[in-house]
Amino acid sequence: MSSLSSCLLLSALLFSIGLAGALVRRNAILVLIGIELMLNAANLNFIAFWRFGPNPEALTGVLFTVFSIGVAAAEAAVGLALIISLYRHVKTTNLDQVDSMRG
Amino acid sequence: MLFTILAILTVAGAVAAMSFRNLVHSVLALTLAFAGLAMVYLQLGAQFIGFAQILVYIGAVAILIVFAILLTRDAGTTSKSALNASASNSSGWGGGVVAVAVFAAMAWAFHASAASQRALPAQPEATMQQIGNALMLQFALPLEVIGLLLTAALIGAVTIAMHDRQETR
Amino acid sequence: MIETADQIFVILQHWIVGFAPAGVRWILAALFSVIAILGAFGGLFAVTTILERKGLGRIQNRLGPNRVGPFGILQPIADAVKSLTKEDVVPYAADKVVHFLAPVVLVLGAFSVYAVLPVGRNMVLANLDAGVLFFFAVGSVMELSVFMAGWSSRNKYSLLGAMRAISQMISYEVPLILSSITVIMAAGSLSTVAIIEKQAGYTGILPHWYVFTPWGFAGFVLFMIAATAESNRSPFDLPEGESEIIAGYYIEYSGFKFALFFLGEYLGMFAISGMGITLFLGGWGAPLSFLAWVPSYLWFFAKLLAMIAVFIWIRGTLPRLRMDQLLNFAWKFMLPMALINLVTAGLWHFLPQGGLRWLVCILMVVVPYVLLGRGLMQGQRLEKRVYQFAE
């Protein structure tokens, strides 16, 4: 059952959900959650292609996912720090209300 | 069969995370999606990635998001205008349409591609020993770069989030 | 005969599983192990509660529980009956679903880490290739349950307690994992069974435990301090400091759910002590070569009880830390020491065997300890304590 296409379908679904969330929701933290979901979908693709690909001994998919998880962690930390810093200035996390360029 | 259950769990968690009004509920649903994804990794034979996913995403990223929510005082108070505001301006529907279109395009691509018709190969080996060797020999430079990136991110995050004492006084 | 006594539970498991048809045997074998884990550590929880109350009582110059049964040893049963029959109060404003899920997640997480803990020779539920990673990964889920409990109760104190608990657990997770990485480096494996096998030999009568190397000793001390903080025990029990925030994140829990939190907390302590035993104290191995005839699981539980005794002793002896002291200690002392210890372990591996190796590695552990300790204590004048109101 868990063939390549079903993995890719799950990944596409996750990516689209994340994309929809990031585009529709107006809270900065929820946008960040959407981006995390999209990153996870990409990771699932790497693992799926490693598992069902022609050359699994090379471990490239697994190692790329390791690095990707590391980058995602860094991205989350910096992103949330930015959100907190933004909140200090404008007292909101709603992205529609952050429309002034004055700090 | 197991994969279907896990996939449904993951997608349900993701949908819930993106649609709940309460931010903390969103994060808890997000951890469900992360956990489901970790199980999928385990089922695909990537033990290391599955456990790393739990450790990093549930143990660190979710907790970090929770902290950010509490520090920005959105906990408890549901973001009233989150959906209403977006529905009133057209970007809300636009975003949904774009996401559906992206999904349709990707699904069509998978369906049409020849790669998905290939037979199931044998379970590949990915022991911790192999991963460790690859990380230390073949992928040593990327590993160092990731280390540098994480250090930079750590310092950067602290600098950005640190309270400006002079300004607040 | 000795062999049979050592393997009696394994033989029992094979005997019971033998009755089942071949298709369901693995399910039955796993079920047997799960029931054994639940029984053994659940029982240990009951024993520990009475030991802790008795021991603390003695340290504080009182008797401790002595009414139920001879010398009060049946107190756990009375406690269980009491907590099961109490009313289960859920606050009106609480988030009902999350409030219910929090203790369940905690206990599930606490029990599932035992899957990779070898309690005796051939006695491990799952010999995973990434066993230690599994342990820490599942252990980090417990942080989330703490947050769920604190947030869903809609109580200022419980939210404060949860924030304290999470920041403490995150801070101490770093030195905890860094100090166990030294052992993983030395053993060359993440599998708990392989790590114990690496420590199996004896020199003379002394075993090859990692705690008997300079980096192993420093790692063990760091690990145990971080483990005390991870399991929220005194002197790191700020998240539930009774005199400050009443009971922290489980303030609004009563009856059975409160008992579940209590259980989860103690199970976490047993699990992390068990991991310390596995990593540094040779797991189920005998401490002296001529004692190897004693069954392996007895050694494991003897070591575990000794660790619990140390935990109780520390709880009865040390006062609670302040929040800033707690975090400063984690980031300014534990983290640098753990990193230096990592380098020491690498050096130990590459230096030739002999006295030079011991000298260099001991210096690399002791010198940073002294310098760091002095540096951090500078500018802090410890004066005679002034009691403002108690005079």
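Selection over the range A:62-88 of residues that are at pLDDT below 85 and more than 7 Å from chain B (Cβ to nearest Cβ) gives a count of 2. Does residue B:41 satisfy the condition of being at pLDDT 85 or above, closer than 20 Å to residue C:128 by Cα and of a type in the set (Ser, Thr, Tyr)? When the stated conditions are applied, residue B:41 passes them. Here is the figure for the range C:116-144: residues that are more than 10 Å from chain B (Cβ to nearest Cβ) and touching a residue at least 60 places away in the same chain (Cβ under 8 Å) total 11.
Looking at the range C:1-90, the helices (runs of 4 or more DSSP H) lying wholly inside it that each contain 3 or more residues that are among the aliphatic types (A, V, I, L, M) sit at C:8-17, C:25-59, C:75-85.
Does residue C:296 qualify as being more than 18 Å from the chain's Cα centre (by Cα), touching a residue at least 60 places away in the same chain (Cβ under 8 Å) and under 22 Å from residue C:41 (Cβ atoms)? Yes: the conditions hold for residue C:296. Checking each residue of the range C:296-305 against the condition of being more than 23 Å from residue C:131 (Cβ to Cβ) and charged (D, E, K, R) gives no match. With respect to the conditions (1) without any contact (Cβ under 8 Å) to a residue 12 or more places away in the chain; (2) under 30 Å from residue C:155 (Cα atoms), residue C:49 lacks only one, and its number is (1).
Of all the listed residues (B:12, B:7, B:46), the sole one being buried (at least 17 other Cβ atoms within 10 Å of the Cβ) and modelled with pLDDT of 85 or more is B:7.
Would you point out the residue of the range C:172-188, among those that are within 11 Å of chain B (Cβ to nearest Cβ) and either in contact with a Leu (Cβ under 7 Å, 6 or more places away or on another chain) or aromatic (Phe, Trp, Tyr) (or both), that is surrounded by the fewest Cβ atoms within 10 Å (Cβ to Cβ)? If we take residues in the range C:172-188 being within 11 Å of chain B (Cβ to nearest Cβ) and either in contact with a Leu (Cβ under 7 Å, 6 or more places away or on another chain) or aromatic (Phe, Trp, Tyr) (or both), then C:174 is surrounded by the fewest Cβ atoms within 10 Å (Cβ to Cβ). Checked against the criteria, residue C:98 counts as touching a His at 6+ places or on another chain (Cβ under 8 Å) and either at pLDDT 85 or above or exposed (fewer than 14 other Cβ atoms within 10 Å of the Cβ) (or both). Taking the numbered list (1) facing another protein chain (nearest Cβ under 7 Å); (2) at pLDDT 90 or above in turn, residue A:38 passes all entries but (1). The set of residues in the range A:51-61 that are crowded, with 20+ Cβ neighbours inside 10 Å and either more than 7 Å from chain B (Cβ to nearest Cβ) or among the aliphatic types (A, V, I, L, M) (or both) comprises A:59, A:61.
Residue count for the range A:35-76 satisfying the condition of being within 9 Å of the chain's Cα centre (by Cα) and either under 20 Å from residue B:103 (Cα atoms) or outside any helix (DSSP H, G or I) (or both): 8. Does the range B:147-156 contain at least one residue that is more than 8 Å from chain A (Cβ to nearest Cβ) and at pLDDT below 85? So far as the range B:147-156 goes, no, none of its residues is more than 8 Å from chain A (Cβ to nearest Cβ) and at pLDDT below 85.
Number of residues in the range A:19-31 that are facing chain B (nearest Cβ under 7 Å) and part of a helix (DSSP H, G or I) equals 7. Condition (residue is in a helix (DSSP H, G or I) and farther than 21 Å from residue C:211 by Cα) applied to the range C:333-350: is it met by at least one residue? No. Restricting attention to the range A:1-34, the residues being closer than 14 Å to residue B:97 by Cα and of a type in the set (Val, Ile, Thr) number 2.
Rundown of residues vs (1) closer than 22 Å to residue B:150 by Cβ; (2) facing another protein chain (nearest Cβ under 7 Å), yes/no style:
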{"site": "B:20", "(1), (2)": "no, no"}
{"site": "B:41", "(1), (2)": "yes, yes"}
{"site": "B:44", "(1), (2)": "no, yes"}
{"site": "B:59", "(1), (2)": "yes, yes"}
{"site": "B:66", "(1), (2)": "yes, yes"}
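Scanning the range C:117-151 for residues that are more than 14 Å from the chain's Cα centre (by Cα) and among the β-branched types (Val, Ile, Thr) yields C:119, C:124, C:141, C:146.
The values are calculated or read from the model by the stated rules, or taken from the named source; none is laboratory data. Please read these numbers as outputs of a predicted model, since none were measured by experiment. Glycine gets a Cβ as well: all are built from the backbone with ideal geometry, and neighbour counts include every protein chain shown.
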